[in-house]
Structures are given as structure tokens and as C-alpha cells.
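Following: one structure in C-alpha cells, then a few remarks.
The values are calculated or read from the model by the stated rules, or taken from the named source; none is laboratory data. None of these values were measured; they are calculated from a predicted model. Cβ sites come from the backbone with ideal geometry, for glycine too, and all protein chains shown count toward neighbours. For the accessible areas, the whole protein counts, side chains as well, though only heavy atoms, and no ligand, DNA or RNA atoms are used. Shrake-Rupley method; radii C 1.70, N 1.55, O 1.52, S 1.80 Å.
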Amino acid sequence: MTVSSPPLLLPSRQSADHKGTFGRVLLVGGSRGMAGSIALSSIAALHAGSGLVAAAVPDRVLETVAGYHPAIMTTALPCLDGHFADEAWPELRDWVSRQDAIGVGPGMGTGEGSTTIVSELLRQRKTPLVIDADALNIIARQEFFDDESYARGDSDAPVVLTPHPGELGRLTGVSAKDEHAQLDAAQQLAARLRITIVVKGGPTRVVDGCAGEQSAGVYVNATGNPGMGTAGCGDVLTGVITSLLGQGLSGWDAARLGVWIHGRAGDAAAAGISQAGMTAWHLAQTLAGVADEMVESSQTAPSV
Ligand SMILES: NC(=O)C1=CN([C@@H]2O[C@H](COP(=O)(O)OP(=O)(O)OC[C@H]3O[C@@H](n4cnc5c(N)ncnc54)[C@H](O)[C@@H]3O)[C@@H](O)[C@H]2O)[C@@H](O)CC1
Ligand SMILES: Nc1ncnc2c1ncn2[C@@H]1O[C@H](COP(=O)(O)OP(=O)(O)O)[C@@H](O)[C@H]1O
Ligand SMILES: [Mg+2]
């Protein structure tokens, strides 16, 4: 199988590097019945190379999420019926500025507490943000993006949305059935808000509304396969892109490299297991095995 080349590479790792070099990231989400989503995002962030990963989850599911992986740190937030309570944001607020990037949305539900978290995370402009899943559904339902004040400026941290066509339809009002109209709508939304949007699917496309020539046009990803049409694969991508933002990439670079390595891991899972039998769990594991393909290797590093 010929593997397409990554759109860019991370700098090679140096012997003096440490956890802090590779970023501290926070994944916010999960709920009773959907604890796995935020665990997949958190494990994916570790397997994409982050130095430190924590999951901020409703108290009720903390032990469940913590049980998936000993390296994931967890923070319990106030909970009501297994979902974020209104009191969750005041406790989450102080964590935000300490992160190199935050991913929000997987499995979080669309209740009051989650809505406040999404609204406040959108207001802050210092911490890079990936917005996925129920966080996108909240934005759509609350029509937050009708308010131009959410648009990003040159000095603001990057924001990356990762909708599948169903979520993009809710956000833009353009049906998932009309692929081209959805891509146009995503490009208009990205340009208006000066953000990056990953339009997930087969293939996935990335559009970017931030300044600079390099981000003009549409990036069409060449990796991935229909075996990835299985629960949790989008949650894995959220963790990957959050990790890459936390490693210092721009929204455009983190989104393109993120979808490339995500699809590459999906191809490795399909080859190792099968398209029909692979799951998001397999994808998260194969991601660890291919992660170095995102990094400048000694072979490609300029000779001294
Ligand atoms: N193990 C877990 O805890 C999981 C939790 N999940 C969470 O469940 C919540 C709901 O997300 P879901 O995506 O499952 O539900 P949604 O209702 O948002 O999306 C599912 C529907 O979207 C449409 N859709 C999706 N991809 C499409 C495509 N390529 N073309 C056309 N239509 C498409 C289809 O109508 C599909 O039935 C999210 O918060 C998500 O994070 C899911 O990620 C699944 C796994
Ligand atoms: N046919 C396909 N080819 C390539 N990638 C696919 C295909 N179907 C789904 N995917 C990928 O799998 C992921 C599914 O995301 P999503 O629907 O959000 O999953 P979940 O919310 O269950 O985690 C996306 O990254 C999407 O691009
Ligand atoms: Mg999803």
C-alpha cells in the first residue's frame, strides 16, 4: 500500500526535551453513558505525542475515565445526573490558562452546564481550542456563531472545528446530502470567523479562514478508509488535533497533519485487523505505532 506524504512534519525530538516540550493539554467532555468518548480523545492526545494530558469530566464518570489509562490525569467537575452541572464552569475556569490547548465536546451532552462551558471557552482567546461533537451541537442550537464577536483576531489563539456532515448541517443549515454546498458553507464560516474547519468524511477536507496565503484553498486528505465509520473515531481525531495545537502548530497545520496521521492510523488498523472489524480503540492504538511518521526523522533532517 503506498502511503501519501504528510503535509508537514514536526521537528525531531532532542535528547534534552521533556514533557513540557510536547505540551500540556486538557480534554473536556464525557457524561454517564458516554465516558468512552473523552477517554478516546485523551488517549489519542497522548499517542499523538503530548507530554501531559488531563480529562475534565463530570464527577460521576471520573473513575470510569481514569480507569482507561494510568497516564491520563482526571479532574472531576460538578455533576448533575451524570452530566456537567451549572457549577462546572466556575471550577474549570482556573484550569484554562494553564493549558497549551483544550479539546471540548466529545460525549458532553448539550445541557445547561455544558452550554456554559462551551460559551465561556469560546469567549477566551488565549488557549488554542478544538471544538467537536456536542460542543458543536450546542453552538448550533444557541446560534453562537451568528454573533460576529466570536470571530478571531490576528493575536488570538487558533480555533479548529471538527464537524461530521451531520454536525456541519446543524451548524450551517446546509444538508449533509449536499457535499459541495456543505464545503462552501464551511469555507464561508471559516473565513467569517477566521477559524479552521475540518469537514470529516471520506475523504476529509480542511478549510481555513485565518490570515496568510499558505492557508488558502482546501486540503483534501489522502489517508483513511471506510473502516473508520465506527463509533469514537471522531473522538480520537479531536485528541490528535488538540495534541498538535498543544505542540505549537497553527490551526491550519494541526488540522491537516492531524487528519493525515488519523487516517494513516486508520489504514494501519484496517490492515492489521479489518475494515469491518476495526474499532476506535484499535485506531487509538495504531496511532501510537505510526506517530513518528509525523516527525522529522534523522534521515530527513538536514545534514550538519
Ligand atoms: N463511546 C462513546 O462515548 C461515544 C460517544 N459519542 C458521542 O455521541 C455524541 C453524538 O455524536 P454522534 O456523531 O454519534 O451523533 P450525531 O447525531 O451527532 O451524528 C450521527 C448522525 O449524523 C449524521 N452523519 C454523521 N456522519 C455523516 C456523514 N459522513 N454523512 C452523512 N451524515 C452523517 C448521520 O445522520 C448520523 O446518524 C457526541 O458527543 C459524540 O462525542 C460518539 O462519538 C460515539 C462514541
Ligand atoms: N469512509 C470514510 N473514509 C475515511 N474516513 C472516514 C470514513 N468514514 C468515517 N471516517 C472518519 O471517521 C471519523 C468519524 O467521526 P465521527 O462521526 O465524529 O465519529 P464519532 O463521533 O463516533 O467519534 C471522522 O474522522 C471521519 O473522517
Ligand atoms: Mg463525532
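Here is a check on your reading of the model: is VAL130 outside any strand (DSSP E or B), within 24 Å of LEU249 (Cβ to Cβ) and touching a strand residue (DSSP E or B) at 6+ places or on another chain (Cβ under 7 Å)? First the steps, then the outcome.
Numbers: outside any strand (DSSP E or B): no; within 24 Å of LEU249 (Cβ to Cβ): yes; touching a strand residue (DSSP E or B) at 6+ places or on another chain (Cβ under 7 Å): yes.
The answer is no for VAL130.
Being of a type in the set (A, V, I, L, M) and open to solvent by 30 Å² or more (accessible area, probe 1.4 Å) is the filter here; which residues of region 34-61 pass it?
The answer is MET34, LEU46, LEU52.
Name every residue in region 1-38 that is among the basic types (Lys, Arg) and within 24 Å of ALA280 (Cα to Cα), in order of residue number.
ARG24, ARG32
Results for (1) of a type in the set (Gly, Ala, Ser); (2) surrounded by 15 or more Cβ atoms within 10 Å (Cβ to Cβ); (3) at positive phi, shown as yes or no for each residue.
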| position | (1), (2), (3) |
| --- | --- |
| GLU87 | no, no, no |
| LEU92 | no, yes, no |
| ILE102 | no, yes, no |
| GLY111 | yes, yes, no |
| THR115 | no, yes, no |
| LEU121 | no, yes, no |
| ASP132 | no, yes, no |
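Scan region 166-213 for residues that are among the charged types (D, E, K, R), open to solvent by 30 Å² or more (accessible area, probe 1.4 Å), away from ligand 1 (no atom under 15 Å from the Cβ) and at pLDDT 95 or above and jot them down.
Answer for region 166-213, where residues must be among the charged types (D, E, K, R), open to solvent by 30 Å² or more (accessible area, probe 1.4 Å), away from ligand 1 (no atom under 15 Å from the Cβ) and at pLDDT 95 or above: ASP184, ARG192, ARG194.
The conditions are (1) more than 15 Å from LEU129 (Cα to Cα); (2) within 16 Å of ligand 2 (Cβ to nearest atom); (3) polar (S, T, N, Q), and SER42 fails exactly one of them. Which is it?
Only one criterion is unmet by SER42, namely (1).
Name every residue in region 253-278 that is within 16 Å of ligand 1 (Cβ to nearest atom) and out of contact with any Leu (no Cβ under 8 Å at 6 or more places or on another chain), in order of residue number.
The answer is GLY263, GLN275, MET278.
Suppose the filter is in contact with a Lys or Arg (Cβ under 9 Å, 6 or more places away or on another chain), modelled with pLDDT of 95 or more and open to solvent by less than 40 Å² (accessible area, probe 1.4 Å); does LEU287 pass it?
When the stated conditions are applied, LEU287 passes them.
Would you check if there is a residue in region 227-248 being within 16 Å of ligand 3 (Cβ to nearest atom), surrounded by 18 or more Cβ atoms within 10 Å (Cβ to Cβ), over 13 Å from the mean Cα position of the chain (by Cα) and on the phi > 0 side of the Ramachandran plot?
No, every residue in region 227-248 fails to be within 16 Å of ligand 3 (Cβ to nearest atom), surrounded by 18 or more Cβ atoms within 10 Å (Cβ to Cβ), over 13 Å from the mean Cα position of the chain (by Cα) and on the phi > 0 side of the Ramachandran plot.
In this structure, does ALA16 turn out to be part of a loop (DSSP other than H, G, I, E, B), open to solvent by less than 70 Å² (accessible area, probe 1.4 Å) and free of Cβ contacts under 8 Å to residues at least 60 places away in the same chain?
No; evaluated as a whole, the condition is false for this residue.
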